[in-house]
Structures are given as structure tokens and as C-alpha cells.
Amino acid sequence: MKRLVAILLAVVIVLSGVIAFLVFRRGPVVETQTRQGGQVISAEVIKSFKISALTYRYTNLIYSEDVKKIGNVNIPFTKKYLAVRYEGVMEIGIDASQMQVTQTDTGVTIVLPPAQVLSHTLVPGSTEVLVDVDTLFNYNKVEDYTQLFDAEQQAMEQKAADSGLLTQAAQNAKDQLTAFLSSIPGVPADYTITINLTP
């Protein structure tokens, strides 16, 4: 009888060891804890007097290709590609603080400054990386994205100017200001309001 009990006890001990091994053989459970946040480094409120006369929204595809060379010979395994699609928004108008105003008893003459790009931003959530291929010896960095966007923003602003958007924005600003000044109550009928654009 004692022998049977001893055998049963040994079996229980062995089974307990096997179960413990199966349960804990993968080691302790590793959990990942992620923390996110932000902190305002600096902030400043700046007075401005600007008239936004035109909003230009566009979708653009930008890309770059880079390879390291020795003279005119490409170094193997150093070619990288980057292609990004995004949406941008330009606010085009005039800086009203630069207006030239000449007033007399019979009227007022206003000369508007040339239109300019007042702001140029990316639409939040619109950026999509289509291609991101690099190598161990030449990899894409955050600076590559920044330089690509900066260069393309300047190019898009030049395209906007070449396509006549700044001229159109200046005319819109003139029309808006004319309508506003003409609607002011109490202005005599013989009081002339002249608004000119800078050539």
C-alpha cells in the first residue's frame, strides 16, 4: 500500500513538472508600453493685417532618386527612391499694412501692394508615401522628406505665380475692398474712392 502511494505521488510530481514546463516554457509575457505627447516649446501672437483673396488647393506627387558616385561611376547598392503624394493649400492675397493711402477732401486713393502667398501648408492627413526604397549604404532620412517638401513648395508657389494666380488674387482683393468701402454708410455720393493695383 505504501508503495502504491509512493508511485502515485511520484506520478503527480512528474505531471506537475511537465505542466509547469509547458506553461512557462515561452518565458514571461513581454508587454509594450507606448507613451505619446507633446509640449509647446514657444508661442507668440503676432499682429497682422492681411487680406486673403484666393485659396488654391492642389494634389501633388513628388519624388526623388539619389545614388552615390565616384566620378561618373555609380556605386553599387547606393541608389534610393522616394515618392510621396500630398495635398497642399495656398492662401494668396495682399499685406494690407503695405497699402499706400492718399486722402483728400473729395476722395481717397489707395494703391494695393502686389499679391503674395500668405500661407502655404499641407492638408493634415493627406500625405501618402508611395515609394520608400533605400539601401544600407544610402538610406532615406527625415531630412530627405523635409528637403523634398521645401523644394516642391517653392516650385508650386512659382507655378502659381506663372499661371496668373497672384494677378487674379490682387484683382479679387481690389474688388473686395471696393465693395467694402462703397458699403460704408454716410459716405457722400460725390466722394470718390479710387483703388489701384501695383503694376
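A few points about this structure:
- Of Asp175, Asp162, Asp95, the sequence from fewest to most neighbouring Cβ atoms within 10 angstrom is Asp162, Asp175, Asp95.
- 3J(HN,Hα) along the stretch 189-199: 5, 8, 7, 8, 10, 10, 10, 10, 9, 5, x Hz, from the Karplus curve 6.51 cos²θ - 1.76 cosθ + 1.60 with θ = phi - 60°, whole Hz, x for Gly and Pro.
- Average Cα contact separation per residue, the stretch 46-197, under 8 Å, 6 or more apart, as relative contact order %: 28 percent
- Given in Å, the Rg to one decimal and the Dmax to the nearest whole number for the Cα atoms of the stretch 46-197 are 23.3, 78.
We did not get these values from a lab; they are worked out from the coordinates using the rules stated. Because the structure is predicted, anything quoted here is derived from the model rather than measured. Using ideal geometry, Cβ is built from the backbone for each residue, glycine included, and neighbour counts are taken over all protein chains shown.
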